[in-house]
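The values are calculated or read from the model by the stated rules, or taken from the named source; none is laboratory data. No experiment lies behind these values; they were computed from the predicted model shown. Counting neighbours? That spans all protein chains shown, and the Cβs are built from the backbone with ideal geometry, glycine included. Calculation scope for accessible area: heavy atoms of the full protein, side chains included, ligands and nucleic acids excluded. Shrake-Rupley method; radii C 1.70, N 1.55, O 1.52, S 1.80 Å.
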Amino acid sequence: MHASSAHGGPFRILARVALRRHGAILVSCAAVLVLAGLVLMRGGRLSAGTTEGIESDIAQRIIEQKLAYPGDSSFIILLRGRELAPGDPRFTEAVRAALAPLRADPRVRAVLAPDDAPPLVGERLQSATSRSALAVVSLRDDFSTAAEQYPELKALVRSPALDIGFTGNLAFRYDLNVANGHDLLFAELLSLPLAVLVLLVVFRSATAAALSVGIGALAVTTGIAIVTALSHVMDLAVYAVNVASLIGLGVAIDYSLFIVSRYRDELAAGAPLAQALETAMDTSGRAVVFSGIAVAIGLGSLLFFHGSFLAGLGLAAGIVVALSVLAALTFLPAVLVWLGPRIDKGHLPLPRLIDTQGIWHRLASWVMQRPVLVLLPTLTVLIALGLPFVRLTMAAADVRTLPRGVPARDVYEQLRQAFPDQARTRIQVVVQYADGAAYTPQRIGAIYDLAQRYRQLPGVVKFEGVVDNDDRLTRDYFTADAEMPDDWLPPDALKMRSMVAADGVALLTLLTDAEPASRQARDIVRAIRRDPRVGDGTILVTGPTAHDLDISEFTLARAPYAIAFIIVVTGAALFILLRSVILPLKAVIMNLLSITASFGALVWIFEDGHLASLLHFEAAPIDPTVPTLLFCCVFGLSMDYQVLMLSRMREEYLRTGDNTWAVAEGLERTGRLVTSAAAIMVVVFAAFGFASVVVVKAIGVTLSLAIALDATLVRCLIVPAAMRLFGDWNWWAPRWLGGGANVPAPAGLGATRMNTEPPHPTPR
């Protein structure tokens with residue numbers, strides 16, 4: 001008998017608490033679920049996801065605060081005449097009437113439209129050929145508050161003579177939230193039945209299958225409620241709920257699978273209910289805790305990206321994982337006590353598809369008879385799958401990540417056709433001065449000369465802002481204009497000046513036909529940043545392209561620390577568990593192989609556009625969130641399965657001293673459970689692959705591929721082949737690190753015998 005059995009380890013104590021107080025536990029969980037429902041009804045304040053300290057965001061804040069320029073808290077209105085067109089006074093009046101409620105609303109800071117804009121700006125805000133006009137609406141409050149106000153303000157804009165559409169930042173984020181909500185509901189409605197089907201095959205009991213899914217639903221609902229509540233007091237991005245749901249649902253169902261499987265096995269072996277529960281908690285419950293730690297290590301590494309929304313995503317997912325562990329250790333045993341023998345109620349006469357007796361032992365033995373012939377081709381396949389990752393291009397999500405048919409995306413496409421200049425990639429150059437007005441003859445002349453040099457950069461089509469390359473406007477015109485005091489200017493000219501210049505700040509915008517994430521657009525930004533001075537002013541660059549570069553640099557600068565943290569902490573935990581030097585290193589390398597292969601698939605599918613017609617998306621650069629989040633999640637999830645398998649192999653090795661037998665028997669004992677758990681993960685993650693938002697779709701598809709590769713090529717082929725080659729060295733550690741106890745002295749590499757029969761009788 002183990003010490004924990006005799007003296008009552010913590011997991012057995014949890015089982016005994018459930019045996020005595022299961023009613024109170026169930027009532028408490030029901031109360032928590034009701035409270036979670038009330039929190040979810042209140043809703044949250046999910047943000048666009050910001051990154052502190054990067055140049056593009058600093059520049060954006062400057063122009064929002066000092067200039068009458070639209071920032072994050074803004075949206076664009078496209079007004080298209082059904083019969084009227086710009087130039088017709090009736091069209092002007094219709095536009096004015098449609099926008100009047102916004103101009104009267106105290107929540108609106110400014111409305112820039114053709115009817116009251118300076119002439120030069122007004123010309124660019126209307127198109128006679130498309131019978132359209134543009135209006136840019138800026139709100140007073142920060143993004144989160146403005147996002148709450150947007151639906152009400154949008155509803156104020158009506159016209160019997162105009163077709164009205166909305167796009168821009170607030171419209172994009174609003175439609176993204178709506179799409180994410182629909183995606184989340186659809187993914188859960190799809191994944192839960194699929195998970196039930198897998199569980200029915202595993203358990204062949206409707207009650208046991210429903211219980212596991214119920215644990216997942218409880219953990220995810222409560223976790224999302226906590227995330228929603230936290231969004232009122234901290235910055236959490238719009239993807240936080242989807243990511244938390246995706247990760248939480250998979251691990252929660254897996255954790256309940258581990259415990260319920262062991263509990264039913266103990267009952268089937270004739271153990272009394274109380275003993276079966278204690279044994280299940282002391283074995284599988286312990287595995288659940290270690291699994292939660294493994295996933296938490298991966299998610300915890302996202303804290304190295306402090307200052308960005310990635311840290312918030314890690315926190316959100318970590319909360320749901322922690323609740324999944326808690327539910328498996330408290331609510332689940334309480335329900336098992338309440339059900340008692342009824343856990344097998346609803347028995348289904350289904351065939352055993354994934355736990356055929358001896359299949360895993362035979363597979364491992366077959367691999368270990370030819371380890372090199374298996375290992376080399378398998379490694380080649382994984383490396384080949386990972387090769388596309390070397391051409392990864394990262395770019396932050398924008399309105400084009402929404403599918404066509406979503407209002408903000410459709411209106412954006414209409415805007416591109418009607419107003420090509422407005423849809424061009426805009427690179428904003430913010431010139432900041434230590435003191436004094438920016439709009440002086442000397443400073444404006446220097447900016448004009450600089451703009452002319454920028455105009456020569458490949459890809460730059462034109463410039464506008466504090467100076468303009470309109471042929472009617474020369475350098476002398478701008479320097480003369482700068483000599484005129486503000487109180488001499490007519491209202492239109494004064495308004496125009498306030499949009500592009502203020503005390504200490506001037507704005508110059510470069511336009512290019514290159515896509516924001518293209519090499520040409522990025523080369524323009526890099527060229528500007530190589531010389532960050534103009535006269536006595538300092539240059540900062542913002543806009544989508546600059547933001548993409550800054551986010552990529554921010555992510556890449558911190559990624560090595562996050563990766564090192566995961567590898568070192570996971571390796572240390574594995575060493576403590578396995579008392580081996582080789583096994584933690586191999587486990588880390590194998591995880592990196594499966595991650596690399598899945599990352600290659602990510603680029604091949606979503607950036608290169610393969611399978612675009614099947615998965616219904618448009619090829620585009622990868623959002624920096626995706627590979628970072630995937631690495632941290634996949635590492636923890638993959639390590640979960642490796643730990644379960646390696647722990648059982650070590651148990652057999654310590655008992656028999658035979659590495660080959662230990663590997664084959666360890667795979668046999670864990671094969672059914674791990675395959676079932678991986679299958680559940682794959683179907684849950686794959687369901688999110690049907691999301692309409694590309695970021696969520698990419699995370700779901702890539703996670704499912706990573707788990708599938710880990711459960712097949714890595715676990716079934718690479719692990720036994722590598723274990724065979726290393727032989728007894730797998731289990732070696734120096735005595736000063738705690739190794740050597742009960743472990744035979746290793747011979748040369750691969751020197752253990754090929755024994756496929758048990759060296760000692762093994763109880764089934």
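Structure summary
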quantity: Residue under evaluation Val694, criteria (1) modelled with pLDDT of 90 or more; (2) open to solvent by 10 Å² or more (accessible area, probe 1.4 Å); (3) β-branched (Val, Ile, Thr), criterion not met; calculated: (1)
quantity: Some residue of segment 419-433 being hydroxyl-bearing (Ser, Thr, Tyr) and closer than 30 Å to Ile54 by Cβ; calculated: yes
quantity: Cβ pairs under 7 Å, 6+ apart, first in segment 1-16 and crowded, with 17+ Cβ neighbours inside 10 Å and assigned to a helix (DSSP H, G or I), second hydrophobic (A, V, I, L, M, F, W, C) and at pLDDT 85 or above; calculated: Phe11/Met281; Arg12/Met281; Leu14/Met281; Leu14/Leu329; Ala15/Leu277; Ala15/Met281
quantity: Subset of segment 394-439 (residues that are among the polar types (S, T, N, Q) and open to solvent by less than 40 Å² (accessible area, probe 1.4 Å)); calculated: Thr401, Thr425, Gln428
quantity: Yes/no for Asp282 being among the acidic types (Asp, Glu) and either without any contact (Cβ under 8 Å) to a residue 40 or more places away in the chain or more than 27 Å from Thr570 (Cα to Cα) (or both); calculated: no
quantity: Some residue of segment 205-226 being over 29 Å from the mean Cα position of the chain (by Cα), over 21 Å from Val696 (Cα atoms) and open to solvent by 10 Å² or more (accessible area, probe 1.4 Å); calculated: yes
quantity: Unique residue being outside any loop (DSSP other than H, G, I, E, B) and either charged (D, E, K, R) or within 31 Å of the chain's Cα centre (by Cα) (or both) when the list is Leu379, Leu375; calculated: Leu379
quantity: Where a residue in segment 26-46 is within 24 Å of Ala146 (Cα to Cα) and of a type in the set (S, T, N, Q) and its partner, wherever it lies, is open to solvent by less than 60 Å² (accessible area, probe 1.4 Å) and modelled with pLDDT under 85, with Cβ under 9 Å and at least six apart; calculated: none
quantity: Pairs where the first residue, in segment 141-153, is under 19 Å from Met234 (Cα atoms) and the second is open to solvent by 30 Å² or more (accessible area, probe 1.4 Å) and hydroxyl-bearing (Ser, Thr, Tyr), C-beta under 8 Å, 6+ apart; calculated: Ala147/Tyr174
quantity: Residues that are over 15 Å from Trp732 (Cα atoms), within 37 Å of the chain's Cα centre (by Cα) and of a type in the set (D, E, K, R), drawn from segment 645-673; calculated: Arg648, Glu668, Arg669, Arg672
quantity: Hits in segment 512-531 (condition: in contact with a strand residue (DSSP E or B) (Cβ under 9 Å, 6 or more places away or on another chain), part of a helix (DSSP H, G or I) and open to solvent by less than 30 Å² (accessible area, probe 1.4 Å)); calculated: Ala521, Ile524, Val525, Ile528
quantity: Out of Ala271, Ala252, sole residue that is free of Cβ contacts under 8 Å to residues at least 40 places away in the same chain, aliphatic (A, V, I, L, M) and either in a loop (DSSP other than H, G, I, E, B) or crowded, with 24+ Cβ neighbours inside 10 Å (or both); calculated: Ala271
quantity: Any hit, segment 736-753, residues being crowded, with 22+ Cβ neighbours inside 10 Å, among the small types (Gly, Ala, Ser) and either modelled with pLDDT under 85 or part of a helix (DSSP H, G or I) (or both); calculated: no
quantity: Candidates Ala98, Ala104, Ala147, filtered to the one that is open to solvent by 20 Å² or more (accessible area, probe 1.4 Å), among the aliphatic types (A, V, I, L, M) and more than 30 Å from the chain's Cα centre (by Cα); calculated: Ala104
quantity: Residue within segment 58-77 that is in a helix (DSSP H, G or I), open to solvent by less than 50 Å² (accessible area, probe 1.4 Å) and at pLDDT 90 or above present; calculated: yes
quantity: Residue tally, condition crowded, with 19+ Cβ neighbours inside 10 Å, touching a Lys or Arg at 6+ places or on another chain (Cβ under 8 Å) and not in a helix (DSSP H, G or I), over segment 535-578; calculated: 4
quantity: Residue list for segment 157-200, filter: under 23 Å from Arg404 (Cβ atoms), open to solvent by 60 Å² or more (accessible area, probe 1.4 Å) and either touching a helix residue (DSSP H, G or I) at 6+ places or on another chain (Cβ under 6 Å) or part of a loop (DSSP other than H, G, I, E, B) (or both); calculated: Tyr174
quantity: Pair list, Cβ < 9 Å and 6+ apart or interchain, from segment 667-684 residues that are open to solvent by 10 Å² or more (accessible area, probe 1.4 Å) to residues that are among the acidic types (Asp, Glu); calculated: Arg669/Glu651; Arg669/Glu652; Arg672/Asp355; Leu673/Asp355; Thr675/Asp355
quantity: Selected residue (only one of Ala311, Ala287 is in contact with a Phe, Trp or Tyr (Cβ under 6 Å, 6 or more places away or on another chain), at pLDDT below 90, under 28 Å from Asp623 (Cα atoms) and open to solvent by 10 Å² or more (accessible area, probe 1.4 Å)); calculated: Ala311
quantity: Close pairs (8 angstrom Cβ cut-off, 6 or more residues apart or separate chains): among the basic types (Lys, Arg) in segment 492-510, not in a strand (DSSP E or B) anywhere; calculated: Lys495/Ala68; Lys495/Ala117; Lys495/Pro118; Arg497/Tyr439; Arg497/Asp486; Arg497/Leu489
quantity: Any hit, segment 233-245, residues being out of contact with any Leu (no Cβ under 6 Å at 6 or more places or on another chain), of a type in the set (Val, Ile, Thr), surrounded by fewer than 20 Cβ atoms within 10 Å (Cβ to Cβ) and within 27 Å of Arg672 (Cβ to Cβ); calculated: no
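So that you can scan it fast, the table gives a plain yes or no per residue for (1) farther than 23 Å from Tyr239 by Cα; (2) buried (at least 24 other Cβ atoms within 10 Å of the Cβ):
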{"site": "Leu303", "(1), (2)": "no, no"}
{"site": "Gly307", "(1), (2)": "no, no"}
{"site": "Ala317", "(1), (2)": "no, yes"}
{"site": "Val325", "(1), (2)": "no, no"}
{"site": "Leu339", "(1), (2)": "yes, no"}
